[in-house]
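What follows is a single structure, written as structure tokens, with notes after it.
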Amino acid sequence: MQKRKRAEVEENITPNLIPMIDIMFLLLLFFMLGADMSQRQLEELVLPQATQVKEDDNKVEAGAKSNLTINIHHAPDGNAPCAVYTNGGICREAGHWKWAIRGHDYTKDTLKDQLQIEAQLDMETTKDPQANKILSARRVLIRADGAASYGDIQKVIEYCGLVGIYKVEVAAAKPAPDKKG
Amino acid sequence: MAGGGDQADNPVAINVVPMVDVIFCLCVFFMCSFKFKQLEGKFDSWLPKNKGDKGTPVEIQEIRVAMFWDVEKQKVRRQFGTRVVDEDLQLESLIKSAHDDFKAMNKPDAPVIIDGDPRVPWKDVIDVVNICKKLSIDNIEFALGAMDK
């Protein structure tokens, strides 16, 4: 019988990693640039939709402090699932709704104090003739879930008024354009 | 970008495996935290400077949309004057005609007051705001409940 010859030269089967690294770098670059860190102060919630809403340009007036965003979102304690909210219903459990500023939750009592502090950070320079006092120049954006109770938003507006913040805005989502049209 | 070339030519071989591991981890992190931005906007709703915190009586010169929460039906009931209005289009035409009446009376700045039950969902309030904005009414006011003492 004829013996088979063993291959004299061992084949180098080390994969070339360079193209993979190139692609990985590109992917990394894409995701790093795509991750908008300014969104971190926005809680995940379902905004009410409105066709007439004007686009938020996130512009801050020269010399002014950044806009303050108050999120009113559904977050049951311990992240326990809420059947009513999950099924698109109107949850009216008071403990399931949170008021958050920069990721920190506040109660009705603590929110007023926090708003007082925020208002003091950016006061107008002159006394307002209508209000007969110095008001705050701070802008407040109320981002409330569509299912949140109007009473919660009323409370935030009331507190803003009490601490001298009058530049209040409410957030809404622009509906996605109709693809049929 | 990283270049190619024959590995045998390179006397200093760099072990790239740890780097690939790190890039993988970074990629996974950014992929998981990536989310598409929702198109968001806002309505300016600046508060009146000289009223609201003292409960001053106001002369009724406004268009008022009352909103009640029907607990049994889990639904909002909107009322314009004494009329119950379910349809958006109907409410739009009622607000428009009332606004036109105020304009004819030389009071084009008469506000639309949204007077809602605290249990009313926010999205229904925004619907009314949206109708007002559609009619180019900028003077919209939110009626507040009793203040905390």
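Packing here is the average count of other Cβ atoms within 10 Å per residue, and on that basis the peptides A:108-119, A:133-144, highest first, run A:133-144, A:108-119.
Could you line up B:69, A:99 from fewest to most neighbouring Cβ atoms inside 10 Å?
Listing B:69, A:99 from fewest to most nearby Cβ atoms yields B:69, A:99.
Peptides B:86-94, B:121-129, A:66-74 ordered by packing proxy, namely the average of other Cβ atoms within 10 Å per residue, highest first: B:121-129, A:66-74, B:86-94. Each label point was placed 7 Å from the Cα along the Cα-to-Cβ direction; for residue B:64 and residue B:107 their separation is 1.3 nm. Take each residue of peptide A:132-142, count the partner chain Cβ atoms within 10 Å of its Cβ, and average: the result is 1. Placing dummy labels 7 Å off each Cα toward the beta-carbon, the span from residue B:13 to residue B:44 is 6.8 nm. Pairs B:35/B:75; B:103/B:133; A:155/B:133; B:103/B:134; A:98/B:42: which exceed 28 Å Cα-Cα? Over 28 Å Cα-Cα: B:35/B:75. Once both labels are positioned 7 Å from their Cα atoms along Cα-to-Cβ, the gap between residue B:115 and residue A:35 label points is 5.1 nm.
Rounded to the nearest 0.05, the FRET efficiency derived from the C-beta distance between residue B:83 and residue A:54 at R0 = 35 Å is 0.70. Per residue of peptide A:44-56, the mean number of Cβ atoms on other chains within 10 Å of the residue Cβ is 6.
Using a 10 Å cut-off on Cβ atoms, rank the peptides B:114-120, B:103-109, A:11-17 from the highest mean neighbour count down.
B:114-120, B:103-109, A:11-17
Peptide A:68-79 is shielded by partner chain Cβ atoms: per residue, an average of 0 of them sit within 10 Å of its Cβ.
The residue A:93 and residue A:13 beta-carbon pair, evaluated with R₀ = 56 Å, returns a calculated FRET efficiency of approximately 0.35.
Read-outs: derived from the displayed coordinates by stated rules, not from any lab. Predicted model, so just to flag it, every value in this text is computed and none were measured. With ideal geometry, Cβ positions are generated from the backbone for all residues, glycine too; neighbour counts draw on all protein chains shown.
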